[in-house]
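Readers should treat all values here as calculations from the given coordinates under stated rules, not as data from a laboratory. What you are looking at is a predicted structure, and each value in this text was computed from that prediction instead of being measured. Quick reminder, even Gly has a Cβ in these numbers, built from the backbone with ideal geometry, and neighbours come from all protein chains shown.
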2 protein chains.
Amino acid sequence: MFSFFSCLKSSELMDSFEEASIDIKMEIFEVIEDNYGGVIVNMKKEEPMDFLKFHTMLKASISHWRLKGKKGVWIKLPIELAHLVNAAVKEGFWYHHAEATYLMLVYWIPHEIPHTFPAYASHRIGIGAFVLNQDGQVLVVKEKSGDMTGTWKLPTGVVDEGEDICMAAVREVQEETGIETEFVELFAFSQSHKSFFGKSDLFFICMLKPLNFTINKQDAEIEEAKWMPMEEYASRSKVNQSELSKMIANICVAKKEEQYTGFSALLTTTGHSAKKCYLYSNNI
Amino acid sequence: MFSFFSCLKSSELMDSFEEASIDIKMEIFEVIEDNYGGVIVNMKKEEPMDFLKFHTMLKASISHWRLKGKKGVWIKLPIELAHLVNAAVKEGFWYHHAEATYLMLVYWIPHEIPHTFPAYASHRIGIGAFVLNQDGQVLVVKEKSGDMTGTWKLPTGVVDEGEDICMAAVREVQEETGIETEFVELFAFSQSHKSFFGKSDLFFICMLKPLNFTINKQDAEIEEAKWMPMEEYASRSKVNQSELSKMIANICVAKKEEQYTGFSALLTTTGHSAKKCYLYSNNI
């Protein structure tokens with residue numbers, strides 16, 4: 001029987017094998033290599049792929065990465081490719097994290113050693129604002145919903161991703177009460193666990209200096225807002241609040257009497273790229 | 001033409017409609033209602049469901065929740081049900097967050113107002129440990145990988161979810177150098193942004209008191225570890241490190257000379273459930 005290969009010289013035969021080999025390589029995902037022996041696959045929403053092709057390429061790619069001694073595999077899947085999630089999970093991938101527009105999956109090749117994938121963000125950051133006016137009154141609010149409904153309390157809020165703590169305190173006070181302020185000092189913080197979806201919380205108490213005094217409260221979240229004499233705020237805190245709230249009220253009293261020093265905020269730079277960051281410390 | 005309905009009396013016809021209506025109601029997801037006009041669907045890995053049934057029930061459920069005036073919809077999908085992710089995305093859901101074992105999707109019903117879903121964890125927490133022995137020497141390490149390879153630096157590490165900052169500092173020093181310590185004071189922290197996967201970082205500098213002095217370094221991450229005279233540490237920091245590192249070194253010097261006060265850690269309780277938490281503040 002006539003064979004196609006028999007027409008080819010030996011070198012041509014080799015070329016043909018190499019081409020076949022190149023075809024197989026084409027079916028392996030392009031990756032970015034990280035500094036820890038890992039590979040990152042960035043799937044593109046502009047390049048849709050069907051389930052079967054993705055699944056087949058993923059199997060082939062894992063075999064290839066295993067041969068190359070790779071450890072961690074990251075796949076970033078845009079939400080537009082949500083139909084591919086299950087293919088990765090079938091191959092043993094699990095979820096590392098998700099943001100609104102994508103899901104990050106991970107897989108660890110060397111089964112004999114535990115994975116070393118770094119953890120994602122673990123904490124939510126909150127602020128409480130101690131705003132004292134020239135008459136010795138503190139700015140307090142009552143919230144419309146939540147655990148503290150009906151209780152006069154310091155304005156509080158959540159620090160956004162990418163937002164500086166000192167700026168978040170100023171923003172929250174402005175939003176909730178209309179009072180413009182400037183950051184003076186951070187005078188304490190607490191850390192607690194098993195909060196929102198099991199994550200941990202850090203809560204920073206900031207002292208702010210008011211720049212205006214007429215309250216213009218926000219209606220959506222705030223029932224009432226007013227200036228309360230410091231003595232009344234301190235005595236209310238002793239009655240019906242948590243140990244932490246009482247301790248914070250004590251610090252507020254000490255601060256009012258100028259017997260307390262917290263941390264100032266200083267804008268500086270960090271790292272090789274001289275990225276801007278705030279350092280909070282006692283002035284030296 | 002003979003009609004099935006014509007055999008039924010009017011009341012029977014009504015019953016038959018009501019049964020049909022009950023059947024439709026059966027095809028709506030069970031939910032937990034939250035305090036903000038939202039509903040939470042907790043899909044169970046023990047109750048597998050095919051794509052089509054899930055998709056059909058989801059469409060019916062959204063119509064039902066819309067009629068009831070519901071706002072936010074949360075669906076928690078265990079990774080075992082990864083084949084259902086795309087059905088939710090087709091209906092307009094997006095990702096809120098993911099942990100290793102599940103994906104949380106959200107959908108906002110009232111299109112005329114912006115969603116109010118709270119953000120997930122936004123920050124990673126790191127610690128740096130300033131450990132000073134009785135000879136005025138500071139504990140320093142050289143790491144095997146990362147940005148600071150080859151530089152003598154304070155031991156650093158990531159605070160685990162659920163871990164107290166003061167405990168994390170003690171753990172990291174023990175893991176990297178074998179030195180047992182106790183927490184003394186937290187004397188500064190920095191906040192920076194656009195770090196790991198775009199999240200923000202908080203980095204806390206803790207002073208620890210060593211309880212033993214013989215270094216037994218960890219080999220996986222640490223190239224070298226030693227006690228370095230404080231003067232040498234301070235002068236090295238002035239030459240080749242970031243502004244932030246220089247400022248931290250200055251605080252370390254001031255602390256050594258007892259001219260600096262940071263925050264102590266005090267175990268207390270917070271909230272209605274009297275959950276334990278640490279308050280970090282200047283002693284008053």
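Given springs between every Cα pair under 10 Å in a Gaussian network model of chain A, which of A:LEU267, A:LEU139, A:LEU202 has the largest fluctuation? Ranking A:LEU267, A:LEU139, A:LEU202 by mean-square fluctuation puts A:LEU267 first.
Value of Rg to Rh for the stretch B:99-196, rounded to two decimals, is 1.15; Kirkwood radius and Rg both from alpha-carbon coordinates.
All distinct Cα pairs of the stretch B:157-221 go into the 1/r average, and the inverse of that average, the Kirkwood radius, is 13.0 Å.
Distance from the C-alpha centroid of the stretch A:224-284 to that of the stretch B:102-136: 21 Å, rounded to the whole angstrom. Across the options B:VAL184, B:SER195, B:ILE127, the greatest Cα extent toward the positive end of the charge dipole of the stretch B:108-249 (unit charges at beta carbon of Lys, Arg, Asp, Glu) belongs to B:SER195. Computed about the Cα centre, the dipole magnitude for chain A is approximately 700 debye when only Lys and Arg (+1) and Asp and Glu (-1) carry charge, each at its Cβ.
Its relative contact order, with pairs defined as Cα atoms under 8 Å and 6+ residues apart, puts chain A at 13 percent.
Sorted shortest first, the separations between the B:LYS275 label point and its copies elsewhere in the assembly read 2.8 nm; each point sits 7 Å from Cα along the Cα-to-Cβ line. Projected label points at A:LYS226 and B:SER273, each 7 Å from Cα along the beta carbon direction, are separated by 3.3 nanometres. Remark: label point of B:LYS90 defined 7 Å out from Cα along the Cα-Cβ vector; separations to the same position in other copies 1.7 nm, ascending.
Using a/c under 1.5 as the rounded threshold, could you call the protein assembly as shown rounded, prolate or oblate? The axes a ≥ b ≥ c are square roots of the C-alpha gyration tensor eigenvalues, and prolate needs a/b larger than b/c, oblate otherwise.
oblate
Between B:LEU211 and B:LYS68, the modelled label-to-label distance comes to 5.4 nm, taking each label 7 Å out from Cα in the direction of the beta carbon.
Classify the stretch B:147-284 as rounded, prolate or oblate from the Cα gyration tensor: take a ≥ b ≥ c as the square roots of its eigenvalues, call it rounded if a/c is under 1.5, otherwise prolate when a/b beats b/c and oblate if not. Judged from the Cα gyration tensor, the stretch B:147-284 comes out rounded (a/c under 1.5). The order of A:VAL41, B:VAL73, going from fewest to most other C-beta atoms within 10 Å of their C-beta, is A:VAL41, B:VAL73.
Pairwise alpha-carbon distances in the stretch B:101-147 exceed 15 Å for 74% of all pairs. In nanometers and ordered shortest first, the copy-to-copy spacing of the B:GLU27 label point, defined 7 Å from Cα toward Cβ, is 4.0. Under the combined filter of DSSP loop state and at most 11 neighbouring Cβ atoms within 10 Å, the stretch A:91-161 retains these GluC sites (Glu not before Pro): A:GLU112. Given in Å, the Rg to one decimal and the Dmax to the nearest whole number for the Cα atoms of chain A are 29.2, 106.
Taking chain B as a Gaussian network, Cα atoms linked when under 10 Å apart, which of B:THR269, B:THR177, B:THR151 shows the biggest mean-square fluctuation? Of the options given, B:THR269 has the highest mean-square fluctuation.
When a footprinting reagent is the concern and you count Cβ atoms within 10 Å, what order do B:ASP201, B:ASP219 take, fewest first?
B:ASP219, B:ASP201
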